[in-house]
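Chemist: Structure provided below as structure tokens; questions to follow.
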Amino acid sequence: MPTPDELKQRIESALPGAEVQVQDLTGGGDHFRAEIVSERFTGLSPIEQHKLVYGVFGDEVGAAIHALSIKTSTP
Amino acid sequence: MENTQIREFLEQAIKDNEVMLFMKGTPEQPACGFSMRTAGALNALGVRYAALDVLPDQRIRQELSGLSGWPTIPQLFIGGELVGGCDIVMEMYEKGELAERLGADMPEDEDMEPAAAVDEMPVSNGPIPLENKLNR
């Protein structure tokens, strides 16, 4: 079961320099909320920003990670 | 039904319906909080939209994510283009961007939670029961 820390580290290594906060919304290890501030989002549409984050986890989103709520912004 | 037929159906639905929502459950009976909030935002704006329940056959979801590149449900398409899932749609709703994009007026009571509007909207206002076609 993934932990918030694990998700945070994986996002941080995919988006170096990003400020990442991950919460386990239910305590069940499958509904997460990630808030990410990264330079990488500059110039991207919200869709593209979220896809970048979903991309870190591939097929796990919708499977082991049942739900990943995302909030992205630029510094 | 073959997977390719499902995909063709989904592509056609996205093309034919200016506002197309793929969700878990229906606008009247959403089966997931994220789907409920997204449908609620559309209901609150009073726009006409088509909604398809992805739950009856898991291949609907697989094919949808395959063509949109978006892993989760709900997914909202406007004018044939993926606008986002629950987070993006709600953020756009709150900023008034969704109303603008859809040419709708924001509800006058700004404090109203979109989800609360689900029960208030007449069914005739939108949701087209596309799922029936896929279940045949």
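The values are calculated or read from the model by the stated rules, or taken from the named source; none is laboratory data. Since the model is a prediction, treat every value here as computed from it, not as a measurement. For neighbour counting, all protein chains shown are included, and Cβ atoms are generated from backbone atoms with ideal geometry for every residue, glycine included.
Chemist: Just give me the residues in region A:32-55 being over 19 Å from B:GLN75 (Cβ atoms) and assigned to a helix (DSSP H, G or I), in sequence order.
Modeler: Passing the criteria: A:GLU39, A:ARG40, A:PHE41.
Chemist: Test A:LYS8 against the criterion of being surrounded by fewer than 19 Cβ atoms within 10 Å (Cβ to Cβ), within 14 Å of chain B (Cβ to nearest Cβ) and within 13 Å of the chain's Cα centre (by Cα), and give yes or no.
Modeler: On the way: surrounded by fewer than 19 Cβ atoms within 10 Å (Cβ to Cβ): yes; within 14 Å of chain B (Cβ to nearest Cβ): no; within 13 Å of the chain's Cα centre (by Cα): yes.
In short, no.
Chemist: Which is of a type in the set (Val, Ile, Thr) and touching a residue at least 24 places away in the same chain (Cβ under 8 Å), of A:VAL53, A:VAL22, A:VAL61?
Modeler: On the way: A:VAL22 fails: touching a residue at least 24 places away in the same chain (Cβ under 8 Å); A:VAL61 fails: touching a residue at least 24 places away in the same chain (Cβ under 8 Å).
The unique qualifying residue is A:VAL53.
Chemist: Hey, another quick one. Kindly check whether there is at least one residue in region A:8-26 that is among the basic types (Lys, Arg) and in a helix (DSSP H, G or I).
Modeler: Going through region A:8-26, the residues among the basic types (Lys, Arg) turn out to be A:8, A:10.
Those still in the list that are in a helix (DSSP H, G or I) too: A:8, A:10.
The answer is yes, given that some residue of region A:8-26 is among the basic types (Lys, Arg) and in a helix (DSSP H, G or I).
Here's the yes/no breakdown for (1) over 15 Å from B:PRO74 (Cβ atoms); (2) at pLDDT 95 or above; (3) part of a helix (DSSP H, G or I):
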{"position": "B:GLN5", "(1), (2), (3)": "yes, no, yes"}
{"position": "B:GLU11", "(1), (2), (3)": "yes, yes, yes"}
{"position": "B:ILE14", "(1), (2), (3)": "no, yes, yes"}
{"position": "B:LEU21", "(1), (2), (3)": "no, yes, no"}
{"position": "B:SER35", "(1), (2), (3)": "no, yes, yes"}
{"position": "B:GLY40", "(1), (2), (3)": "no, yes, yes"}
{"position": "B:LEU52", "(1), (2), (3)": "no, yes, no"}
{"position": "B:PRO56", "(1), (2), (3)": "yes, no, no"}
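Chemist: Something else about it: Which condition does B:THR38 not pass, out of (1) buried (at least 21 other Cβ atoms within 10 Å of the Cβ); (2) farther than 20 Å from A:HIS31 by Cα, if it passes all the others?
Modeler: Among (1) buried (at least 21 other Cβ atoms within 10 Å of the Cβ); (2) farther than 20 Å from A:HIS31 by Cα, B:THR38 violates only (2).
Chemist: Right, here's the next one. Tell me which of these A:ALA34 doesn't satisfy, since it passes every other one: (1) under 20 Å from B:CYS32 (Cα atoms); (2) at pLDDT below 95.
Modeler: (2)
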